[in-house]
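Each remark here refers to the structure printed beneath this line.
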Amino acid sequence: MAIQTVLLWLTGWGMSNDLWHPIQARFPTCHHVTPDFTRATHPKDFMAVIEKEVRAIGSGRLFVIGWSMGGMLAQRLAANAPLHGMVLISTGSRFVRPKEERSKGWPVASLLRMERELIENRERVWGDFFESIATEKERREKKDTFLESRVNQWSTEALLAGLVYLREEDCGQLCGSLDVPVTIIHGKNDAIWPFEAGVELAQSLPQAELLPIEDSGHAPPIFYPEIVTLAVQRMVESDGEGKA
């Protein structure tokens, strides 16, 4: 009997799980698990819903695809669950950085301000963030795709919980012990999570391969789904127990 291949998809802050659908469709024989973050009320809720989904899977080869915040959640999961591989997209080991590491993340003051402003004007904060995930070239050349992706189904409480998670989480001390194959996809023009953070992450993980994308911002799943698809396919097939 064939061993089930399970793909666990962890999206980024505020992003819709529907954005994974075009990539998931390329793996019709896999079992897809996509946790719902839209109703979280506390930073711990994100891992709680992931762990609940993983417990329900049972046996199988588990691969995790994590985008941005979802990439840190994937690292946290890998420290406690047996994974066969990870594809981490536009992420790092830590989002908040001190002044001397500003090229790899955000100052804590920026996230705190974003939390305050989110309560006052959710639409403006989300709009500003969403505009920043794409490069000018991506917005111009794939305008319809970009606009269709703007839908935000997260509650305000979930968005706030996500910002707190991003502010507090630090996976740096975990990286050296995560001895699992990892492909890191990162746009060289990422304005949200700088490319340098992806380089650092690749250097910190024992079995990591860095896949840079020229002229790409923070949203490869939207603008370069074929690159994400190929990375997942290679990860699953190189595991040595069958093809997707």
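Scanning the stretch 154-177 for residues that are open to solvent by less than 20 Å² (accessible area, probe 1.4 Å) and either modelled with pLDDT under 95 or part of a helix (DSSP H, G or I) (or both) turns up Ala158, Leu159, Ala161, Gly162, Leu163, Tyr165, Leu166, Cys175. Scanning the stretch 141-153 for residues that are in a helix (DSSP H, G or I) and open to solvent by less than 20 Å² (accessible area, probe 1.4 Å) yields a count of 1.
Here's the yes/no breakdown for (1) surrounded by 18 or more Cβ atoms within 10 Å (Cβ to Cβ); (2) under 14 Å from the mean Cα position of the chain (by Cα); (3) modelled with pLDDT of 95 or more; (4) over 20 Å from Glu226 (Cβ atoms):
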residue: Gly12; (1), (2), (3), (4): yes, yes, yes, no
residue: Pro22; (1), (2), (3), (4): no, no, yes, no
residue: Ser59; (1), (2), (3), (4): no, no, no, yes
residue: Asn80; (1), (2), (3), (4): no, no, no, yes
residue: Val87; (1), (2), (3), (4): yes, yes, yes, no
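Checked against the criterion of being closer than 28 Å to Glu200 by Cβ and touching a strand residue (DSSP E or B) at 6+ places or on another chain (Cβ under 8 Å), the stretch 146-163 has no qualifying residue.
Filtered by the rule that a residue be crowded, with 23+ Cβ neighbours inside 10 Å, in contact with a Ser or Thr (Cβ under 8 Å, 6 or more places away or on another chain) and in a loop (DSSP other than H, G, I, E, B), the stretch 186-244 gives Asp190, Trp193, Pro194, Ser216, Gly217, His218, Ala219.
Which of the residues spanning the stretch 94-106 are among the small types (Gly, Ala, Ser) and either touching an Asp or Glu at 6+ places or on another chain (Cβ under 7 Å) or open to solvent by 50 Å² or more (accessible area, probe 1.4 Å) (or both)?
Here is the first cut: in the stretch 94-106, the ones among the small types (Gly, Ala, Ser) are 103, 105.
The one that is among the small types (Gly, Ala, Ser) and either touching an Asp or Glu at 6+ places or on another chain (Cβ under 7 Å) or open to solvent by 50 Å² or more (accessible area, probe 1.4 Å) (or both): Ser103.
If the condition is being surrounded by 14 or more Cβ atoms within 10 Å (Cβ to Cβ) and farther than 19 Å from Ser216 by Cα, then the stretch 108-133 contributes Val108, Leu111, Leu112, Met114, Glu115, Leu118, Arg122, Val125, Trp126.
Among the residues of the stretch 157-167, is there at least one that is within 21 Å of Ser93 (Cα to Cα) and touching a His at 6+ places or on another chain (Cβ under 6 Å)? Yes - at least one qualifying residue is present in the stretch 157-167. Applying a threshold of 7 Å to beta carbon distances and a minimum spacing of six or more residues, or different chains, the list of pairs starting in the stretch 1-28 at a residue that is within 16 Å of Ile222 (Cβ to Cβ) and assigned to a loop (DSSP other than H, G, I, E, B) and ending at one that is at pLDDT below 95 and β-branched (Val, Ile, Thr) reads Ser16/Val151. Just one residue in the set Glu138, Glu100, Glu131 is in a helix (DSSP H, G or I) and in contact (Cβ under 8 Å) with a residue 40 or more places away in the chain; that residue is Glu138.
Look at Glu138 and say whether it is among the acidic types (Asp, Glu) and either closer than 30 Å to Gln233 by Cβ or surrounded by 20 or more Cβ atoms within 10 Å (Cβ to Cβ) (or both).
Details: among the acidic types (Asp, Glu): yes; either closer than 30 Å to Gln233 by Cβ or surrounded by 20 or more Cβ atoms within 10 Å (Cβ to Cβ) (or both): yes.
In short, yes.
Against the condition surrounded by fewer than 14 Cβ atoms within 10 Å (Cβ to Cβ), in contact with a Lys or Arg (Cβ under 8 Å, 6 or more places away or on another chain) and either without any contact (Cβ under 8 Å) to a residue 24 or more places away in the chain or of a type outside the set (D, E, K, R) (or both), how does Thr183 come out, does it pass? Answer is no for this residue.
The values are calculated or read from the model by the stated rules, or taken from the named source; none is laboratory data. It should be emphasised that the depicted structure is a prediction, and the values quoted were computed from it without experimental measurement. Here Cβ is always computed from backbone atoms with ideal geometry, including for glycine, and neighbour counts include all displayed protein chains. Please note that ligands, DNA and RNA were not included when accessible areas were found on the heavy atoms of the full protein model with its side chains. Shrake-Rupley method; radii C 1.70, N 1.55, O 1.52, S 1.80 Å.
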